[in-house]
1. Counting other C-beta atoms within 10 Å, which of M86, M69 has the fewest, and how do the rest follow?
2. For region 49-107, evaluate the Debye formula with one uniform point scatterer on each Cα (no solvent term) and list log10 I(q)/I(0) at q = 0.23, 0.30 Å⁻¹, rounded to two decimals.
3. Rank T64, T88, A100 by how far each Cα sits towards the positive end of the charge dipole of region 49-107 (+1 on Lys, Arg Cβ; -1 on Asp, Glu Cβ) and give me just the farthest.
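Derivation of every value follows stated rules applied to the coordinates shown; laboratory data play no part. Small disclaimer: the values here were computed from a predicted structure and weren't measured. Ideal geometry is used to build each Cβ from the backbone, glycine not excepted, and the neighbour counts take in all protein chains shown.
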Amino acid sequence: MRMKCTEVTDGKPGNKSDKGTTTSTESEKSKKARKKPKARGPPPEGVDSYTISQWCWIRNVSRTTYYRMKKQHRNPREIRVLGRRMITKQADREWVEARAAEALIAAE
C-alpha cells in the first residue's frame, strides 16, 4: 500500500512553511557540535594510578569491552579517589598476570 506525502503549509493556499521540519544534515551537525571530544592519550609520567580511559588506552581496550569485562568480573581492581574510579599500577600488573594464567589454562 502506498502512502501519499503532503507538504506542510500554514493553512493559506500557496504559502509553504518549513516550520518544524529540519533536514537530517542540520540535526546531525548540531549534535556533533554539542559533543566535546574526550582527552585521550597516555597518562602523565610518574603517575601511580590510571583513570579507566587511560587504562583502556594503555591496554588498547575499548571502554565498551572494559565494561563487558567488568560485568564478567574480569576487569582490574578499581579504587575510588575523590569520587573517581582509578586503577593502580599494581592492580594492572595483577590483571595482566591473571589473564596470562587464564591463557595458559585454556591452552592445556
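1. Values: M86 18, M69 15.
In increasing order of surrounding Cβ atoms, one gets M69, M86.
2. Debye intensities relative to I(0), on a log10 scale: -0.97, -1.37.
3. Comparing the listed Cα positions along the dipole, T64 ranks first.
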